[in-house]
Amino acid sequence: MTTGYVYDEIFLKHNLPGHPENRTRLEETLALLEGADMLARLTHLPARPATLNELTRVHQASYVDQVRKISERGGGHLDPDTYTNADSYQAALMAAGGLVEATLAVIDGRIDNAFALVRPPGHHAMPSRGMGFCLFGNVAIAAQAARVDRSLERVLIVDFDVHHGNGTQAMVEEDPAICFVSTHQYPHYPGTGAAREVGRGQGEGTVVNMPLSSGAGDQVFQQLYQQVLIPIARRFNPHLILVSAGFDAHWDDPLAGLGLSLGGYAWIAQTLVSLANELCAGRIVFTLEGGYHLEVLSHGILNTFHALLGDESVDDPLGPSPWSEPDSQDYIASLRQLHGLDGGR
């Protein structure tokens, strides 16, 4: 396999010391990848700025201009959680453009698959405002690039960040050519992502939310993927899979608690790579979202690269969750019925 990665030092310049989403997330990750001799096995994909045309497929032009002006003035907060500094606008452009470049490289066959190690993250950014640490909707921008610039008929977005990707959903929920599937802690920030949110208008049925209570754990995720996500993906039959990869559903993450282990994350990555091999000639691109326990984040990314390369290696220095896992069969049955997997809707 030829696996690419996107990284640029500009991603370190978007920084606010003491904020959970800071430069050390990528510094620790790159150090581990280098120490594990992983980077030598990967193909570096240079990032480039997203164009205004790419951005305004999902964002209002006035919002893009707002972020630029705030950054040019030295920075400020878009909301209480979401900061900018003098380098944030350029970093956000490069994050979105870097993911687009990785996506097009996979579609064009220049590489087999990829992981965009970009920040600021994107899945909370709304069409007209930033929120939840996110400036621009990276994964939605990349999905539209695949659709518009390469004429792909169907794109599947899988989001396993612990927080619901409300921005991504808002950008794709009326588009029948993009299916958005999310597992997330609920009720939890940002308060969206109820199971009944299934898309709107022509996109009704292409949004699949699987909200979970704290402590769900590895087995619940495996059951959800096997009994809900995989059947829906096969029915949708995508030409590309994009993954919003947040590593904050780990049992020891400081901002949430869904009970996943690093082994559970590795299983998810392996499963999604296998699904891409089955459905869309292996075309899959991961992009970084959340994850605030630095050891979890770096090892989660390392394990994802192992999955992309076809390795069976799994590093889990923290071990399994100490919590007992709930029985989820009734809940999974209700999701299957909601989404017509048992002859329903």
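The values are calculated or read from the model by the stated rules, or taken from the named source; none is laboratory data. Since this is a predicted model, take the numbers as computed values, not measurements. Glycine gets a Cβ as well: all are built from the backbone with ideal geometry, and neighbour counts include every protein chain shown.
This table checks each residue for (1) modelled with pLDDT under 95; (2) under 19 Å from V208 (Cα atoms); (3) surrounded by fewer than 19 Cβ atoms within 10 Å (Cβ to Cβ).
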{"position": "L240", "(1), (2), (3)": "no, yes, no"}
{"position": "S298", "(1), (2), (3)": "no, no, no"}
{"position": "P320", "(1), (2), (3)": "no, no, yes"}
{"position": "D342", "(1), (2), (3)": "yes, yes, yes"}
Practice problem: Name the one entry in V198, V181 that is in a loop (DSSP other than H, G, I, E, B) and either touching a strand residue (DSSP E or B) at 6+ places or on another chain (Cβ under 9 Å) or among the hydrophobic types (A, V, I, L, M, F, W, C) (or both). | Solution: V198
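Given the structure, is K13 without any contact (Cβ under 8 Å) to a residue 40 or more places away in the chain and of a type in the set (K, R)?
Details: without any contact (Cβ under 8 Å) to a residue 40 or more places away in the chain: no; of a type in the set (K, R): yes.
No.
Take residues that are free of Cβ contacts under 8 Å to residues at least 40 places away in the same chain and tell me which of the strands (runs of 3 or more DSSP E) falling wholly in the range 72-159 contain 1 or more. Quick ask: steps written out before the conclusion?
Numbers: elements: 75-79, 82-85, 113-116, 155-159.
The qualifying strands (runs of 3 or more DSSP E) are 75-79.
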Practice problem: Looking at (1) buried (at least 24 other Cβ atoms within 10 Å of the Cβ); (2) under 18 Å from the mean Cα position of the chain (by Cα); (3) in contact (Cβ under 8 Å) with a residue 60 or more places away in the chain, find the lone condition where C179 falls short. | Solution: (3)
